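One structure is given here, and the rest of the page talks about it.
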Amino acid sequence: MALRLPLSIKLTRRVVARRDLFCEFVQKTTNPSQADAAFAFHAFAFKADEHEFARAFLSQRTEFWLFRANQRAFCGDFLAVDMSSPWLAGRRVYVIELKQGMSIRIGSGAVGVQLRNAATAVRALARDRGLVGEDAASVTVAGDGAEVCATFRDGVGIEGGRASR
């Protein structure tokens, strides 16, 4: 039977504090066989600036829950859920695709092959985790990790596919 991995796993500040904790966390979360352990880890492993992005994002924006997307599922690098609303319908999901050195792009300008299953991952947050409504709004954000983090850190709202203050 083939290994079935989730589309995303929830990150915490503790989990991203140290790389060895992250590796252990992936193993506990996905519960693969010994033969599939390396495959499971690599589906969620951080590359380039992704680890630093996750650490910075989680330390700066505590009202967001950050999920690492399965890198083999083509649903972006991260899913960020704004948990500040007590109502599921009021929560927005940001699908984040990091590209080193790229200027930030919001909405349709950010879509690519790496995001072709993003809508499926957002629906899974609703169906499997009950974090957002079934018709949850989502916005795609792509760009350099530091620039994406700064966009959220500086209080820029990303509404309807464009940046606004």
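Miscellaneous remarks
- Computed [θ] at 222 nm, deg cm²/dmol, the chain (DSSP H ≥ 4; -39,500 (n - 2.57); rounded to nearest 500): -9500 deg cm²/dmol
- Relative to the longest principal axis of the Cα atoms of the chain, the long axis of helix 118-127 makes an angle of roughly 80 degrees.
- For the range 59-123, relative contact order (Cα pairs under 8 Å, six or more residues apart, normalised by length) works out to 32 percent.
- Across the alpha-carbon set of the range 8-153, the Rg to Rh ratio works out to 0.94, Rh being the Kirkwood radius.
- Over the range 8-153, relative contact order from alpha-carbon pairs under 8 Å, at least 6 apart, %: 23 percent
- Carbon and sulfur %, accessible surface of the range 8-153 computed with the full protein complex present, 1.4 Å: 49 percent
- Along the axis of the charge dipole computed for the range 8-153 (Cβ charges of +1 for Lys and Arg, -1 for Asp and Glu, origin at the Cα centre), the listed residues Asn117, Ala142, Leu21 are led at the positive end by Leu21.
- Over the range 8-153, accessible surface divided per residue gives 48 Å², non-protein components excluded, 1.4 Å probe.
- Helix 19-30 and the long axis of the chain differ in direction by around 80°, with both axes built from C-alpha atoms.
- Taking the Cα centre of the chain as reference, the dipole from Cβ charges on Lys and Arg (+1) and Asp and Glu (-1) amounts to some 200 debye.
- Computed packing ranks the peptides 29-37, 98-106 as 98-106, 29-37, most packed first, by mean other Cβ atoms within 10 Å.
- Per-peptide packing, taken as the mean over residues of other Cβ atoms within 10 Å, places 139-151, 66-78, 16-28, 85-97 in the sequence 66-78, 139-151, 85-97, 16-28 from highest down.
- Helix 50-60 and the long axis of the chain differ in direction by around 60°, with both axes built from C-alpha atoms.
The values are calculated or read from the model by the stated rules, or taken from the named source; none is laboratory data. Please read all numbers here as calculations on a predicted model, not as lab measurements. Every residue, glycine as well, gets a Cβ built from its backbone with ideal geometry; the counts of neighbours run over all protein chains shown. The protein model used for the area step is the full one, side chains on, heavy atoms only, and it has no ligands, DNA or RNA in it. Shrake-Rupley method; radii C 1.70, N 1.55, O 1.52, S 1.80 Å.
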